[in-house]
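Here's the structure, in C-alpha cells; my notes come after.
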Amino acid sequence: MSSSRSIVVSVIAMIVAIIAGTVGFMFSEQLTFFDALWLTVVTILTVGYGDTVPQTFYGKMFALIIIPVGISIVTYATGAVVSMMMEGEFSKTVRRRKMKKKIETMTNHIIVCGFGRVGEQVVRELVKNGTRVVVIERNADWLEEMGDPIPYVEGDATEDGVLIAAGIDRAAGLVAALPSDADNVFISLTAKGLNPNIQVVARAERTESEEKLRRAGADKVINPAFLSGRRMAMTMLKPVSVDYVDTIFHDRAEQYAIEEITIESHSSFVGTSVRDQAVRARFGVTIIAIQRQNNMIGNPTPDERFCVGDILIVFGEKRALEAFEQGVNKK
C-alpha cells in the first residue's frame, strides 16, 4: 500500500474511532455530546488531562478497548506520514543522481537557459523533434513533479559551474531564453568562453540589445516581441498564407516539414545539377534554398550544381524527406 493511501486509511479509521468512542462514552457515562467527544479525543491521543475520566465500570471497560485502538491508529498514521516524507526525499535524491549521471554522458545536446514562457516552448519543440535537451532553471520544483522530467540543472545559468554541470563543453548549442537581456548577454559571453564552438541562440526583449548579444557571442538573436508583432500584422494581411505556415510548423497531425540536409563529400549529388537529380520527380520534395558557405541561394534554378558542404533547405512530407536524405548521402 502506498504512503498516501495509508494516510487516507488512517484518517478514516481515526474518524470512525472518534465517532464510536463519542457514542460509547455518551451511553456508558451519560455524558453530553461535547464531553463525550472531549473524553474520546484525549483518550485516543493519550493526553490524559484528568478533567474528564470514566467513572462507571462500563465506561472504564470501554476505555480499555478504545485506548489501544486509538494508539494503533495514531502510530499507523504517524508511520505513514514519516514514510511518505522519507520516500519522497529518497526518491528525489535518487532521481537527481540518475539525472546527473545522464547529463554527464550526454553529448551534442542543447542547453536551454530558463524555463519560462519562451523557454518552455523551445524545450517542447526540441523534444518533439527528438533532440536531447538539458534545462537550466533557478526554480525547478515543479519539474521535479513531472512523471518523466526533462534533464535539468537547478541554478543560475550565468554561473560557470552551472553551465559546466549542464555539459557546456559537450553541448552542440545553447538557448539563452531568460527574460533579462543583461542575463542573456552574460550567458552568451560565458558560454562562448567555455565552448567557443557552441551555437548560441539568444532571446532579446529590446531591439537595442540585439547588437550587444551578437558582440557577446550569440550566433542568432531572436526578438519575440518583434516576431509576434510581425506575425499579427501578416495574419491580418495574408491570413491564408499564415494559416498554411502555421499548419506546417505547429500542427502535429500534418506530415509536412522543412529539413536541412548537408551534402557530404561521398554524395552522388556532388557536381550534378538539380535537373540531373530530378529531385521533385524522384523524391517528391522541393529544394527551397541552398546555403553555400556564407551565400544563400534562394529558389535555385534547375541548372544549379551541388557542391560538397552545401546545406539544402528542403520542404516536403516527413517520409519523403527521410528518403531524400538517405538518397543524398548514400555511399
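The values are calculated or read from the model by the stated rules, or taken from the named source; none is laboratory data. Keep in mind it's a predicted model, so treat the numbers as computed, not measured. As a convention, Cβ positions derive from the backbone with ideal geometry for all residues, glycine included, and neighbour counts pool all protein chains shown. Calculation scope for accessible area: heavy atoms of the full protein, side chains included, ligands and nucleic acids excluded. Shrake-Rupley method; radii C 1.70, N 1.55, O 1.52, S 1.80 Å.
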For a quick protection proxy, order the peptides 162-170, 290-298 by their average other-Cβ count within 10 Å, most packed first.
-> 162-170, 290-298
Take peptides 200-210, 55-65 and line them up by average Cβ neighbours within 10 Å, highest first, as a rough protection proxy.
-> 200-210, 55-65
Once you have the alpha carbon radius of gyration of the chain, what is it after dividing by 2.2 N^0.38 Å, with N set to its residue count?
-> 1.65
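For the chain, give the share of DSSP beta bridges that are antiparallel, in percent and rounded to the nearest 5; count only bridges with both residues there.
45
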Taking the Cα-to-Cβ direction at residue 138 and at residue 291 and moving 7 Å from each Cα, how far apart do the two end points lie in nm?
-> 3.3
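If each DSSP helix of 4+ residues adds -39,500 (n - 2.57) and the sum is divided by the residues in the chain, what number results at 222 nm, nearest 500 deg cm²/dmol?
Details: 13 runs with 177 residues, N = 331.
Dividing the helical sum by the residues of the chain leaves -17000 deg cm²/dmol.
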Pairs of lysines 8 or more apart, or on different chains, with alpha carbons under 20 Å: count those in the chain, would you?
-> 9
Where a ≥ b ≥ c are the square roots of the eigenvalues of the C-alpha gyration tensor, would you call the stretch 256-329 rounded, which needs a/c under 1.5, or, failing that, prolate if a/b is larger than b/c, or oblate?
-> rounded
Whole-number percent relative contact order across the stretch 256-329, with pairs defined as alpha carbons under 8 Å at least 6 apart = 47
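Contour minus end-to-end for residue 215 and residue 244, with contour as 0.36 nm per residue of separation and end-to-end as the Cα-Cα distance? Could the numbers behind the result be given before it?
Numbers: separation 29, 0.36 × 29 = 10.44 nm, distance 3.57 nm.
Stretched fully, the residue 215-residue 244 segment lengthens by 6.9 nm.
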Full extension between residue 182 and residue 305 adds, at 0.36 nm per residue less the Cα distance, a length in nm of 39.8 nm
For the chain: relative contact order, % (alpha-carbon pairs under 8 angstrom, 6 or more apart) | 10
Out of 201, 227, 182, whose Cα points farthest toward the positive end of the dipole of the stretch 176-228 (charges: +1 Lys, Arg; -1 Asp, Glu; placed on Cβ)?
-> 201
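Expected output is a single nm value to one decimal: the length gained when fully extending between residue 272 and residue 205, i.e. 0.36 nm times separation in residues minus the C-alpha distance. What is it?
My answer for the length gained is 19.7 nm.
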Inter-label distance, nm, simple model (7 Å from Cα along the C-beta direction), residue 260/residue 127 | 2.3
For the chain, report the accessible area per residue in Å² (1.4 Å probe, heavy atoms, rounded to an integer).
-> 61
Rounded to a whole number, what % of the accessible area of the chain do carbon and sulfur atoms account for, probe 1.4 Å?
-> 59
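Given the peptides 178-187, 255-264, 32-41, arrange them by the average over their residues of other C-beta atoms within 10 Å, most packed first.
Highest to lowest by the protection proxy: 178-187, 32-41, 255-264.
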